[in-house]
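The values are calculated or read from the model by the stated rules, or taken from the named source; none is laboratory data. Keep in mind it's a predicted model, so treat the numbers as computed, not measured. Note that each Cβ is placed from the backbone with ideal geometry, even for glycine, and that neighbours are counted across all protein chains shown.
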Amino acid sequence: MAKPKRKLQIIAGKCIACGVCEGECPFDAIHVEGDVAVIDYEKCTGCGKCVKVCPTDCLFFEGEQAKGEKQAEVAAVPDVAADLAARLAEYQGVWVYIEQSAGQVHPVSWELLGKGRELADVLDCELAAMVLGENVDGVALQAGHYGADKAYIIDNPLLAHYRTYPFAEGCLKLIHNYKPAIVLIGATTLGRDLSGAIATDLHTGLTADCTGLEIDAHSGLLRQTRPAFGGNIMATILCREHRPQMSTVRPRVMEALAPDETRQVEIVRETLEVSEEDIGVTVEQFRPDADLDKPNLQYAEIICAGGRGLGSPRGFELMKELAEALGGVVGASRATVDAGWISHDHQIGQTGYTVRPRLYIAAGISGAIQHRVGMQTSDTVVAINSDPEANIFQIADYGIVGDLYEVVPELIKQAKAGNLKEKLLGDGSG
Ligand SMILES: Cc1cc2nc3c(=O)[nH]c(=O)nc-3n(C[C@H](O)[C@H](O)[C@H](O)COP(=O)(O)OP(=O)(O)OC[C@H]3O[C@@H](n4cnc5c(N)ncnc54)[C@H](O)[C@@H]3O)c2cc1C
């Protein structure tokens, strides 16, 4: 590589090892090692991208230093790095918001506690549940069974049903008082509403619909991965200068731990400083989701999904027959939803539901990335497609090349005879 025109230097005492330069460098020429960034002069081209983004101005070029400009700037802001580091260090621990209604917890909360446990163990810190509602002590105890060390509770009749304002105020009080480093919330209708309200008030970042969460080995920051640009790339997002680091995760993306009823949880109680007059929204009637007779795709054990290869809406009658014979539910690709063949409640994928069934049968679905991100963690995938090159076969455990109108009736026959589930799942549980 040609010698760089400018030689990069670092004021080690000002570096806070935030890793911004590392993320920005297009040449992989700077890395955080321990508590300081280290420059690899073999790779550095002197492009200056790291200098521009460094939040503490600890990077500069030799010539510029000789002119005294950079030193003057650094001297003028000597406390920025220390202030930022001290502020960030106040935030410790991983928290999960526990979504509940009348004591019934949304399973995504247990799934997030499973992931939260892993993150807290890597960071060697506490995992806490944030529980708001009325009569929620039982929920807090359950959170302990699913991995929480501590539960922060706000128990108040005003929290009997979800309303943004009192729930956000309660969460903000807890976060201001106890300063968690990471807050995870389910990407449900409620979670999407609450997380946005909290993050806005806290002036912190919020990464929605994460599909991967892990701790960066160098910086200890939360690496939040999610699909970007229509699902064509996966973006990893870091929240470097604000706390807490906040992410939402859709149901079924993470896995819950098996509950351990012997696990104890420490309970911390706080009060809600809100009155009914402050809220501005009253609950006239509460109708649980279960009343709406929606297909419970996210937690279904068996899904029989159809794609454009069905050729017409009538194809879904066949898929329904197969689903009924197997004790499952019907899913769909977006192409069929967009064509009006079936309702959006059935859509699986990036802009539909994420599912994790034991058995996923995909008939006439090509396997576009936006579909696969919603179903690729299924235990067993059976793909039926007339095109042997279809992408869906890349992730299928069983691939059947053929016309679905010949294959599916045969599967229905076998399912009705009662031996298909056992054959496909291989454990005799069906
Ligand atoms: C931002 C964005 C978000 C998206 N979100 C989603 C999403 O959430 N979910 C989703 O599914 N898609 C989503 N899509 C669309 C996605 O890119 C694909 O267009 C879509 O998944 C294709 O659906 P399909 O597989 O049913 O149709 P096609 O891609 O048209 O595939 C039809 C398949 O059927 C096969 N076939 C045809 N006839 C038969 C037959 N008789 N027997 C057997 N096989 C047959 C063909 O070989 C083909 O492989 C999204 C796209 C974008 C840009």
Scanning region 80-120 for residues that are more than 26 Å from Arg240 (Cα to Cα), touching a residue at least 12 places away in the same chain (Cβ under 8 Å) and in a strand (DSSP E or B) gives Gln100, Ser101, Val105
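Table: residues versus (1) surrounded by fewer than 19 Cβ atoms within 10 Å (Cβ to Cβ); (2) in contact with a Lys or Arg (Cβ under 8 Å, 6 or more places away or on another chain).
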residue: Asp260; (1), (2): yes, no
residue: Glu270; (1), (2): yes, yes
residue: Gly315; (1), (2): no, no
residue: Trp341; (1), (2): no, no
Would you tally the residues in region 375-400 being within 6 Å of the ligand (Cβ to nearest atom) and either out of contact with any helix residue (DSSP H, G or I) (no Cβ under 7 Å at 6 or more places or on another chain) or of a type in the set (S, T, N, Q) (or both)? 4
Out of Ile361, Ile365, which single residue is within 7 Å of the ligand (Cβ to nearest atom), touching a residue at least 40 places away in the same chain (Cβ under 8 Å), β-branched (Val, Ile, Thr) and assigned by TED's automatic domain parsing to the domain that holds Leu318? Ile365
Might you let me know whether region 296-303 holds any residue that is in a loop (DSSP other than H, G, I, E, B), loosely packed, with under 14 Cβ neighbours inside 10 Å and without any contact (Cβ under 8 Å) to a residue 24 or more places away in the chain? no
Looking at this structure, is Thr336 among the polar types (S, T, N, Q), within 13 Å of the ligand (Cβ to nearest atom) and without any contact (Cβ under 8 Å) to a residue 24 or more places away in the chain? no
Output the residues belonging to region 214-233 that are assigned to a loop (DSSP other than H, G, I, E, B) and either away from the ligand (no atom under 16 Å from the Cβ) or surrounded by fewer than 16 Cβ atoms within 10 Å (Cβ to Cβ) (or both). Asp216, Ala217, His218, Ser219, Gly220, Leu221, Phe229, Gly230, Asn232
Where in region 121-213 are there strands (runs of 3 or more DSSP E), lying wholly inside it, with at least 1 residues that are of a type in the set (A, V, I, L, M) and closer than 30 Å to Gly352 by Cβ? 127-133, 182-186, 206-210
Would you mind telling me which numbered condition in (1) more than 16 Å from the ligand (Cβ to nearest atom); (2) over 30 Å from Gln142 (Cα atoms); (3) among the hydrophobic types (A, V, I, L, M, F, W, C) Met254 fails? (2)
Cβ pairs under 8 Å, 6+ apart, first in region 339-352 and within 15 Å of Arg252 (Cβ to Cβ), second near the ligand (Cβ under 10 Å from one of its atoms) and hydroxyl-bearing (Ser, Thr, Tyr): Gln347/Ser333; Gln347/Tyr353; Ile348/Ser333; Ile348/Thr354; Gly349/Ser333
Is there a residue in region 345-352 that is outside any loop (DSSP other than H, G, I, E, B), more than 12 Å from the ligand (Cβ to nearest atom), of a type outside the set (Gly, Ala, Ser) and more than 23 Å from Glu111 (Cβ to Cβ)? no
Candidate set: region 401-417, residues that are within 14 Å of the ligand (Cβ to nearest atom) and either free of Cβ contacts under 8 Å to residues at least 40 places away in the same chain or in contact with a His (Cβ under 8 Å, 6 or more places away or on another chain) (or both); chosen: the one farthest from Leu318 (Cα to Cα): Val401
In this structure, is Glu111 charged (D, E, K, R) and surrounded by 24 or more Cβ atoms within 10 Å (Cβ to Cβ)? yes
Please count how many residues of region 9-37 are of a type in the set (A, V, I, L, M, F, W, C), surrounded by 15 or more Cβ atoms within 10 Å (Cβ to Cβ) and out of contact with any helix residue (DSSP H, G or I) (no Cβ under 7 Å at 6 or more places or on another chain). 6
Pick from region 317-329 the residues that are surrounded by fewer than 22 Cβ atoms within 10 Å (Cβ to Cβ) and not basic (Lys, Arg): which of them is nearest to the ligand (Cβ to nearest atom)? Leu318
